[in-house]
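The values are calculated or read from the model by the stated rules, or taken from the named source; none is laboratory data. Treat the numbers as computed from the prediction; the structure is a model and nothing was measured. Here the Cβ positions follow ideal geometry from the backbone for every residue, glycine too, while neighbour counts run over all protein chains shown.
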Amino acid sequence: MTKIVGVEIVEHEPDPAPLIELVGVRAGYGSIEVLHGVDLVVREGAVVALLGPNGGGKSTTVKVLAGLLTPTAGEVRLAGRCVNGTSADVLARLGVCTIPEGRGIFPNLTVRENLRMATQTGTRLSRVEETAYARFPRIAERRNQLAGTMSGGEQQMLAMARALAVDPAVLLLDELSMGLAPLIVEELYELVAQVASEGVSILVIEQFARTVLGIADTAAIMLSGRIAAVGTPQEIEQQLSSAYLGGSHE
């Protein structure tokens, strides 16, 4: 603390850099540009909901953040450092874990064999299994079952268990609720909120908004490859149009 002429001046620590962010990012496929200058910030321990209709650029945003697609302009930053061009496997080792649309499990492998895939980041299988089964007792009961024979909710639990077992810093969830019953979705999002409370930064991509807004700190609407609005969940909920978010299914 500094005093000048009897006046106390409190020196505040500068805000830490967002754990992961997009700054003016443009990206696409071949000559087709999908993202048109996207700015997006996810701070440490925050849950950010990225909402919008299909075809709006949400999944392309995830691919850029995960290192699966290199921006043609702008920057992807991890803890303030530009990581443009960094491969997906390197980003995974740095703590960026993705659960893609469709869950990304191996249906012809058992639960335990799926979890073994997480050891490629250097974590021991015993540790991966211990963490996974503690969070998801249901998949512990199915450790020797082929993943493709489990229910959709159980498969999503396995995908989350595999990602969380490697202690990620950032978790990217693409359409977590797709094809799942509302009660299962609610259960999964309760876990997402718990994981965020432990300090993990989470970006959730969703077409349907209601459940994710209940646990989000910040929400954004993406339309036609641009961020159309950013605000609190309450502010964004007021702007959501059932015409493009399928309101009857939220």
Only strands (runs of 3 or more DSSP E) wholly contained in region 1-46 count here; list those with 3 or more residues that are modelled with pLDDT of 95 or more and among the aliphatic types (A, V, I, L, M). 20-29, 32-42
Any chance you could count how many residues in region 171-199 are within 22 Å of G122 (Cβ to Cβ) and surrounded by fewer than 23 Cβ atoms within 10 Å (Cβ to Cβ)? 3
So I205 fits all but one of (1) assigned to a helix (DSSP H, G or I); (2) in contact with an Asp or Glu (Cβ under 6 Å, 6 or more places away or on another chain); what number is the exception? (1)
Would you mention how many residues in region 138-163 are without any contact (Cβ under 8 Å) to a residue 60 or more places away in the chain and in a helix (DSSP H, G or I)? 15
Are any of the residues in region 108-126 within 19 Å of R26 (Cα to Cα) and out of contact with any His (no Cβ under 9 Å at 6 or more places or on another chain)? no
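Got at least one residue in region 177-185 being more than 19 Å from the chain's Cα centre (by Cα) and assigned to a loop (DSSP other than H, G, I, E, B)?
Within region 177-185, one or more residues are more than 19 Å from the chain's Cα centre (by Cα) and assigned to a loop (DSSP other than H, G, I, E, B).
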Between a first residue in region 202-222 that is among the small types (G, A, S) and a second residue that is in a strand (DSSP E or B) and crowded, with 23+ Cβ neighbours inside 10 Å, which pairs have beta carbons less than 6 Å apart while being 6 or more apart in sequence or on different chains? A209/L51; A216/V47; A216/A49; A219/A49; A220/L50
So which strands (runs of 3 or more DSSP E) stay within region 47-123 end to end and still have 1 or more residues that are surrounded by fewer than 19 Cβ atoms within 10 Å (Cβ to Cβ) and of a type in the set (S, T, Y)? none
Mind telling me which of the residues V128, V111, V62 ends up being β-branched (V, I, T), modelled with pLDDT of 90 or more and outside the structural domain of P233 (by TED's automatic domain parsing)? V111
